[in-house]
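Heads up, the thing below is written out as structure tokens.
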Amino acid sequence: MRSFTYERAASPADAARAVAATQGAKFIAGGTNLLDLMKLEIERPTHLVDVQDLGLDAIEETEEGGLRIGTLVSNTALSAHPKVRRDYAVLTRAIQAGASGQLRNKATTGGNMLQRTRCSYFYDTNMPCNKRKPGDGCAAIRGSSRQLGVIGTSDSCIATYPGDMAVAMRVLDAVVETVKPDGTARSIPSAEFHRLWGDTPHVETVLEPGEIITHVRLPAPLGGRHFYSKVRDRRSYAFALVSVAAVIQSDGTGQVAFGGVAPRPWRLPEADAQLRNGAAAVVRTAFADARPTEDNKFKIPLAERTLAGILAEAKG
Amino acid sequence: MPDDGYLNVSRRGVLAGGVGSAALAQASILRAQQPMPGSQSGNEGPSTMRIRMTVNGTPQEVDLDTRTTLLDTLREHLKLTGTKKGCDHGQCGACTVMVNGQRINSCLSLAVQHEGDEVTTIEGLGTPDDLHPMQDAFVEHDGYQCGYCTPGQICSAVAVLEEIRSGIPSHVTDDLTGPMRPTEMEMRERMSGNICRCGAYSNIAEAMAQVAEA
Ligand SMILES: Cc1cc2nc3c(=O)[nH]c(=O)nc-3n(C[C@H](O)[C@H](O)[C@H](O)COP(=O)(O)OP(=O)(O)OC[C@H]3O[C@@H](n4cnc5c(N)ncnc54)[C@H](O)[C@@H]3O)c2cc1C
Ligand code: SF4
Ligand code: FES
Ligand code: FES
């Protein structure tokens, strides 16, 4: 690990300013993704700004009937909140399907949204990777791509956003609230938060340098039945090959997003509109522009079967 | 990612570069030992900080390189070697300890993140003469073979029963709003962050069941 200096910021604007002011500075929240990558020198921050003292660790009810989640709320605390369990069960299910009990205690809401890809070549510093080193090439395109993306990818990078929680956030139309180094705040819909990175795969979100996540806001509950199905190589403590988050109403309409398939949680409104026509119709629409590899084309029928399972349960 | 340039090249990188870079290695080592005066940050050399935390009830104060993980602090600086290092990347659970009552992987946490925190390790749960009920149950049910994963397993097992008691749901909980119960399925799922190379899993589950029922 490269050496770095460390400070704790006292307010979101201070934290944003501190990161913007120092070349190579980064925020640290739980540290469960950042430290992993720092040990491998994939991330090499010169300065860490710890956000744990910002008082952003509460879940509040909003006027519109939703919830406002402080960025420091742990994955465990968010999944266990009584209102989340009752009204946003897809979120509890998605969080509990990810990582381990130890990691969920440490992982934060904002840090989880920003976790980096699990492409094995990104992790192997002996291999070319455009995401790690722009212009380096991509070892995965001709390599082993079983875990990687089938849609929304590019000729520069076929990796995925690997997480679970954000897939549920996408189905719930969550909004990410931030503060920029100049002190201005903005709200970013989860649909726009992760970029389709094209030929700049090292830029994964629309956050600007130094921009800090302060909250994630959930709109009023959708009602309906909530599902999160995750398919993986072992039954626990593994990343998704494919995951499906869905909220299904009694008339068969609803929302659906797919994880493990793209640079962002994958959801298309026109695919939602096909829910009453069954899983095949939804997946045909959602994956119409898919560009899978020989290794990972299995993900599309797998997504269809996983959704079919959910729809059968929703009917039953 | 910007190239750091030759002056900042890591010591390991330089040494790996072979004999031709010996002079450069020398320069780089000197540089690492003498941070530039007045420098705020940058990969200029180790940065140290004084950290205070309470470990197993005893207040501790140590000067540490900011890079030091909580795991290395416990093992190398406080000589509490009960907590083990398996993978050092959050993938095995051997390093599990409790911080402010919650289990975490001490390998994926920096000591500087724990200023003022209360840490409990396997040494703080019980002693050879006065075992914690979970330690007792692991002995009784042979919840280990080589024992390397055991401190992490026991810290996790104690925390899991507490998590169930406090109503935290899991991936296998059917009714998210109902009461949580320490069933075998629940305990196995909740223990998935602790890998055992010897495969003592069923005996660990039996040990936990015994404590849960007590
Ligand atoms: C073995 C293992 C298995 C895992 N399995 C899964 C899994 O199955 N599913 C899953 O979803 N995840 C999984 N994870 C990933 C885990 O969920 C993430 O590591 C965690 O959510 C990151 O949160 P953190 O607070 O620790 O982030 P950190 O590591 O602190 O930060 C991550 C990134 O976010 C930035 N950041 C943090 N907070 C802010 C903020 N407020 N504003 C702006 N930037 C910020 C940091 O600078 C950093 O770049 C796994 C991790 C490990 C190690
Ligand atoms: S798929 Fe993306 S992350 Fe993986 S090697 Fe290619 S560029 Fe790197
Ligand atoms: S040593 Fe920390 S999880 Fe393996
Ligand atoms: S007892 Fe040997 S690794 Fe678990």
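The charge dipole of the protein assembly as shown, taken about the Cα centre with unit charges on the Cβ atoms of Lys, Arg (+1) and Asp, Glu (-1), comes to about 1320 debye, rounded to the nearest 20. With a cut-off of 16 Å on the backbone N, the residues of region A:149-163 near the modelled label site 7 Å out from A:Arg142 along Cα-Cβ are A:155-158. Among residues other than A:Pro181 whose Cβ falls under 12 Å from its Cβ, what is the net charge (Lys/Arg +1, Asp/Glu -1)? That works out to -2. Taken along the Cα-to-beta-carbon direction at a fixed 7 Å, the label points for A:Asp57 and A:Gln249 span 3.9 nm.
With only Lys, Arg, Asp and Glu charged, each at its Cβ (+1 for the first two, -1 for the last two), find how big the charge dipole of region A:135-219 is about the Cα centre; round to the nearest 20 debye.
On the way: 7 positive and 11 negative charges, 49 e Å.
Roughly 240 debye for region A:135-219.
With contacts taken as Cα pairs under 8 Å at a separation of at least 6 residues, chain A carries a relative contact order of 18 percent.
For the peptide A:28-34, the mean number of other protein chain Cβ atoms found within 10 angstrom of a residue's Cβ is 4. Remark: mean inter-chain Cβ contacts per residue of B:93-106 equal 4, using a 10 Å Cβ-Cβ cutoff to other protein chain atoms. Between A:Ile42, A:Gly101, A:Leu72, the Cα set farthest toward the positive side of the dipole of chain A (charges on each charged residue's Cβ, about the Cα centre) is that of A:Gly101.
Under the definition of Cα pairs under 8 Å and six or more residues apart, what whole-number percent is the relative contact order of region B:133-213?
On the way: 84 pairs, mean separation 38.7, N = 81.
In percent, rounded to a whole number, it is 48.
Mind putting a number on the dipole of chain A about its Cα centre? Charges go on the C-beta only, +1 for Lys and Arg and -1 for Asp and Glu, and I need it in Debye to the nearest 20. Please report the intermediate quantities before stating the final value.
Numbers: 39 positive and 34 negative charges, 206 e Å.
Computed charge dipole of chain A: roughly 1000 debye.
When you filter the trypsin sites (Lys or Arg not before Pro) in region A:1-84 for DSSP loop state and at most 14 other Cβ atoms inside 10 Å of their Cβ, nothing is left. For the chain pair B and A, the interface hides roughly 4300 square angstrom of accessible area in total, found with a 1.4 Å probe. For region B:78-128, the share of accessible area belonging to carbon and sulfur comes to 49 percent (1.4 Å probe, ligands and nucleic acids excluded). Overall, the ratio between the Cα radius of gyration of region B:133-213 and 2.2 N^0.38 Å, rounded to two decimals, is 1.05. Neighbouring Cβ atoms from other chains, within 10 Å of the Cβ of residues in B:110-120, number 3 on average. Taking a label point 7 Å from the Cα of B:Arg50 along the Cα→Cβ vector, which residues of region B:100-115 have an amide N closer than 19 Å to it? Within reach of a label on B:Arg50, which here means backbone N under 19 Å from a point 7 Å along Cα→Cβ, region B:100-115 contributes B:111-115. Which whole-number percentage describes the relative contact order of region B:62-214, with Cα contacts under 8 Å and a sequence gap of 6 or more? With pairs under 8 Å counted, the relative contact order is 24 percent. Placing unit charges on each Cβ (+1 for Lys and Arg, -1 for Asp and Glu) gives region B:117-200 a dipole about its Cα centre, and among B:Thr120, B:Leu176, B:Ala137 the Cα reaching farthest toward its positive end belongs to B:Leu176.
Per residue, how much accessible area does region B:145-214 show when a 1.4 Å probe rolls over the protein heavy atoms, in square angstrom? It would help to have the intermediate numbers written out before the result.
Details: 3280 Å² over 70 residues.
It amounts to 47 Å² per residue over region B:145-214.
Measuring between their Cα centroids, region B:89-103 and region A:25-73 lie 19 Å from each other.
The values are calculated or read from the model by the stated rules, or taken from the named source; none is laboratory data. The structure displayed is predicted, hence computed values, not measured ones. Note that each Cβ is placed from the backbone with ideal geometry, even for glycine, and that neighbours are counted across all protein chains shown. To get the accessible areas, we keep the full protein, side chains included, count just its heavy atoms, and leave off ligands, DNA and RNA. Shrake-Rupley method; radii C 1.70, N 1.55, O 1.52, S 1.80 Å.
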